[in-house]
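Trainee: Handing you a structure now.
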Amino acid sequence: MIRLLLIGPPGAGKGTQAALLAQHFGIPAISTGDIFRENVRNETELGLKAKSFMDRGEYVPDSLTNDLVRDRLSQDDAAAGFLLDGYPRTIDQVNELDEMLSEQETQLDVVVQLTADHEELLRRLSGRAAEQGRSDDTPDVISRRLSVYDEQTAPLIDVYASRSLVAKVDGLGEISDVTARIVEVINARELS
Ligand code: ADP
């Protein structure tokens, strides 16, 4: 049973690692980006509201995002642990998540900070643009997403570090090597 967050800039590989870690630990991966994209695809009310923000590389407003996560975390499969990928991304979301978890009388076990240098992030994001054609992987929007991350999300690492929750992991190299590094830091914490 483990409750963890994956935090890191766009292109660090959070989504890829989230899926592999979820499988490894037998917990659901909850990716707010994926949930928003699915809603955009299905043209739901939430999707219609989120799309314009996503296409500009801006964050979807906290109220929408918090409601979505509150709803998802209250589902049965999240009771035995979860991995949050891409949430929280703002201080307001950190506070809201704290509240959700205290209502459930649980807390986070670890925050995995996935790192990669700026050049590698750009290389991966533009590669993905060519492969997947995501509407927010154009050069202007990529650059906006990286600065929004630096402004609003990078500071959250200090917040969680002050609670001694952060494990920093190098996101460069083979996908399976990165997974192994993450599993290792998590197991080391669980044992200590
Ligand atoms: P990346 O981390 O590569 O930017 P994601 O798939 O995690 O990609 O997110 C894509 C977009 O979805 C973000 O740019 C943002 O518009 C929206 N989004 C995802 N998670 C959040 C969040 N926690 N708060 C606000 N917006 C979010």
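Trainee: Suppose we keep only residues that are modelled with pLDDT of 95 or more and touching a Lys or Arg at 6+ places or on another chain (Cβ under 6 Å) within the stretch 122-177. Which one would you say is nearest to Asp55 (Cα to Cα)?
Mentor: Among those residues, the one meeting the criterion is Thr153.
Trainee: List the pairs whose first member sits in the stretch 51-63 and is more than 18 Å from Thr153 (Cβ to Cβ) and aromatic (Phe, Trp, Tyr), whose second member is within 8 Å of the ligand (Cβ to nearest atom) and assigned to a loop (DSSP other than H, G, I, E, B), and whose Cβ atoms are under 6 Å apart, counting only residues at least 6 apart or on separate chains?
Mentor: none
Trainee: For residues in the stretch 55-89 being open to solvent by less than 30 Å² (accessible area, probe 1.4 Å) and part of a helix (DSSP H, G or I), which is farthest from the ligand (Cβ to nearest atom)? Steps first, please.
Mentor: Step one: list which residues in the stretch 55-89 are open to solvent by less than 30 Å² (accessible area, probe 1.4 Å), which gives 57, 60, 65-66, 68-69, 73, 78, 81-88.
Next, only the ones that are part of a helix (DSSP H, G or I) stay: 65-66, 68-69, 73, 78.
Details: Thr65: 4, Asn66: 9, Leu68: 9, Val69: 8, Leu73: 13, Ala78: 16 Å.
Here the residue is Ala78.
Trainee: Only one residue in Asp158, Asp140, Asp136 is of a type in the set (Asp, Glu) and within 10 Å of the ligand (Cβ to nearest atom), so which one is that?
Mentor: Result of the check over Asp158, Asp140, Asp136: Asp136.
Trainee: Going by the conditions given, is Gly47 in contact (Cβ under 8 Å) with a residue 24 or more places away in the chain and in a helix (DSSP H, G or I)?
Mentor: So Gly47 fails the test.
Trainee: In addition: Go over the candidates Arg189, Arg145, Arg124, Arg181 one by one and state the one that is in contact (Cβ under 8 Å) with a residue 40 or more places away in the chain, assigned to a helix (DSSP H, G or I) and touching a strand residue (DSSP E or B) at 6+ places or on another chain (Cβ under 6 Å).
Mentor: Arg189
The values are calculated or read from the model by the stated rules, or taken from the named source; none is laboratory data. Treat the numbers as computed from the prediction; the structure is a model and nothing was measured. Ideal geometry is used to build each Cβ from the backbone, glycine not excepted, and the neighbour counts take in all protein chains shown. The area values use the complete protein model at the heavy-atom level, side chains included, leaving out ligands, DNA and RNA. Shrake-Rupley method; radii C 1.70, N 1.55, O 1.52, S 1.80 Å.
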